[in-house]
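This report concerns only the one structure given below.
The values are calculated or read from the model by the stated rules, or taken from the named source; none is laboratory data. In this text, all values refer to a predicted model and were calculated from it rather than measured experimentally. Glycine gets a Cβ as well: all are built from the backbone with ideal geometry, and neighbour counts include every protein chain shown. SASA here: full protein model, heavy atoms, side chains in, ligands and nucleic acids out. Shrake-Rupley method; radii C 1.70, N 1.55, O 1.52, S 1.80 Å.
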Amino acid sequence: MQKIKLFTPGPTMVPPEVTVAMAEPFDHHRTQAHRKILQNVTRKLQYVFQTKADCLVITGSGTAAMEAGIVGVGSPSSKALVVCGGKFSERWAKVCHNFGIKLIAHELEWGYGATAETVAGHLGRDKSIDTVIITHSETSTAAVSDVEAIAKITREHDCLLVVDGITSVGAIPVKMDEWGIDVLVCSSQKALMTPPGLGVIAVNERAWKRIQSFSPPAYYLRLQSYVEALQSNDSPYTPAITLVKGLNQALSMIEDEGIENIWRRTRRLAEATRAAMQAINLEVFAKHPVDSLTAIVLPESIDEPTFRRNLRERFGYVVAGGQGHLKGRIFRVNHMGYVDESDTLGLIGAIELLLHEMGHKFHLGNGPKAAISVLSRTA
Ligand SMILES: *Cc1c(COP(=O)(O)O)cnc(C)c1O
């Protein structure tokens, strides 16, 4: 028997209620019944994104939605600043490059998030920058960027702010309208508790002006088509009907729990995990750690593939390895979505037992003890 507990920071665990909603027989998408579902999904997404802007659902993973946003605002005269501190932010620089969008890629040391100072420095020096692209939660390093402060700077300079919120929306505080984010992107398989396959993009009035001012090199990912279809609660092309139904159910569960409660739960799980790892002599990788997931440095003496294989085969816990130059050095565990205190305590216990058996030195029992003390203090 193998009971798989998916602790990767995407895809994340899917609640049985969502699986059941997806297993129901489905209707054609050009029907009142499906339009009603899409209308509900859109309304609930606005709550999760904390916006009044249209939330457009695209069939495709998160990268598709980000590409739609970048290409949509990247006019021939645009110049983008991309702050790169990991695998995902580097991807957005590559998208700009491939579409011929002028760009400045600001390299951060991995483990740090983008700050307002960094962005303000560039915008002060180079008046031709009109777009800033930030990865809020950089999933490859588990570092967080200060999007709220950065949004103040982009407003002052009349720049558009495009945010990859793929592992922040629905996990940590993100307030699109209040903060002034112009384009915000998320996808189904992270905090939204739905299997992979849907991207979501919200675009405010400021960004629409740019988007409508030129014709982007896109067809399937042309945002105007999605907005026009949404006027009649429709999608321009055949949507992934089952996933939309699953997302509808997941969003109801998010609404029932309340977004502030979810932010709080995610933070507690992250704090408990960080305390537990430090208590067993492991280092948290990020210098600006995000609460959506945690990246942990493995000691030199522990073989990373063996560690993750044992964690999976012996205990059923699936965690992610490192990406890029962090491959073999770190492992990453999820706190987003359908994960609770007891799931997390179980994982911490399994990590501790395994590392003890693999010869790592620490005081046995310190990990769960530190986690429990955080959970009881913040209950
Ligand atoms: C998962 C993720 C993505 C999107 O990846 P897809 O595989 O295209 O869904 C983008 N950015 C971040 C920060 C992510 O965590």
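Semi-axes, largest first, in whole Å: what does sqrt of 5 times each Cα gyration tensor eigenvalue give for the stretch 244-348? Display every interim value, and only then the final one.
Details: eigenvalues 146, 50, 34 Å².
In descending order, the three semi-axes are 27, 16, 13 Å.
Could you tell me the calculated FRET efficiency between Ser128 and Glu107, based on Cβ-Cβ distance and R0 = 22 angstrom, to the nearest 0.05? Each step should come with its number before you reach the end.
Values: r = 20 Å, r/R0 = 0.91.
Efficiency computed from Cβ-Cβ geometry: 0.65.
At 1.4 Å probe radius, can you tell me the per residue accessible area of the chain in Å²?
Result: 40 Å² of accessible area for each residue.
Quick check: pseudo-label points 7 Å beyond the Cα along Cα→Cβ at Arg155 and Arg377, how many nm apart are they?
Computed distance between label sites Arg155 and Arg377 equals 3.4 nm.
Which value does Rg/Rh take for the stretch 166-322 over its C-alpha atoms, Rh per Kirkwood?
Taking Rg over the Kirkwood Rh, I get 1.05.
Could you give the Stokes-Einstein D for the stretch 288-351 in µm² per second, using the C-alpha Kirkwood radius, 37 °C, 0.692 mPa s? Before the final figure, lay out each step's value.
Details: Rh = 12.4 Å.
For the chosen part, D equals 265 µm²/s.
Mind checking the full-extension length gain between His97 and Val20? Use 0.36 nm per residue of separation minus the Cα-Cα distance, one decimal, nm. Before the final figure, lay out each step's value.
Values: separation 77, 0.36 × 77 = 27.72 nm, distance 4.17 nm.
Stretched out fully, the His97 to Val20 stretch lengthens by 23.5 nm.
Indicate the helices, whole DSSP H runs only, in the chain that combine a mean Kyte-Doolittle hydropathy of -1.0 or more with a Cα extent along their long axis of 20 angstrom or more.
Long hydrophobic helices here: 32-49, 241-257, 259-279, 341-357.
Could you give the size of the charge dipole of the stretch 21-106 about its Cα centre, using +1 on the Cβ of each K and R and -1 on the Cβ of each D and E, expressed in debye and rounded to the nearest 20?
Taking the Cα centre of the stretch 21-106 as origin, the dipole is about 180 debye.
Which residues make up the longest stretch of the chain that has no GluC sites (Glu not before Pro) in a DSSP loop with at most 10 other Cβ atoms within 10 Å?
Of all site-free stretches, the longest is 110-299.
At 0.36 nm per residue, and after removing the present C-alpha to C-alpha distance, how many nm does the segment from Ser77 to Glu178 gain when stretched out fully?
33.5 nm
Roughly speaking, to the nearest percent, how much of the chain's 1.4 Å accessible area is carbon and sulfur?
52
To the nearest 0.05, what FRET efficiency results for His363 and Gln224 with a Förster distance of 41 Å applied to their C-beta separation?
E between His363 and Gln224, to the nearest 0.05, is 0.10.
Go through 182-191, 119-128 and give me the packing order, highest mean Cβ count within 10 Å leading.
Working: 182-191: 29.3, 119-128: 14.4.
Most protected by this proxy first, the peptides run 182-191, 119-128.
Suppose we look only past 10 Å in the calculated P(r) of the stretch 68-107. What percent of the Cα-Cα pairs does that tail hold?
Result for the distance tail: 66 percent.
Rounded to the nearest 20 debye, what is the charge dipole size of the stretch 251-328 about its Cα centre when +1 sits on each Lys and Arg Cβ and -1 on each Asp and Glu Cβ?
180
Computed over the Cα atoms of the chain, what is the convex hull's projected area averaged over all directions, in nm²?
18.6
Compute the FRET efficiency between Asn281 and Glu205 as 1/(1 + (r/R0)^6), taking r as their Cβ-Cβ distance and R0 = 45 Å, and round to the nearest 0.05.
Rounded to the nearest 0.05, the efficiency is 0.30.
Starting from the 7 Å offset along Cα-to-Cβ, what nm value, one decimal, do you get for the label separation of Trp263 and Asp27?
Using points 7 Å along Cα→Cβ, the separation is 3.6 nm.
Taking the Cα centre of the chain as origin, work out the dipole magnitude from +1 charges on Lys and Arg Cβ and -1 charges on Asp and Glu Cβ, in debye rounded to 20.
300
Taking only the alpha-carbon atoms of the stretch 1-126, what semi-axes of the equivalent ellipsoid follow from 5 times the gyration tensor eigenvalues under a square root, in whole Å, largest first? Spell out each step's value before the answer.
On the way: eigenvalues 249, 94, 40 Å².
One finds semi-axes of 35, 22, 14 Å for the stretch 1-126.
Send over the Kirkwood Rh of the stretch 151-229, from the inverse of the averaged 1/r over different Cα pairs, rounded to one decimal Å.
13.8
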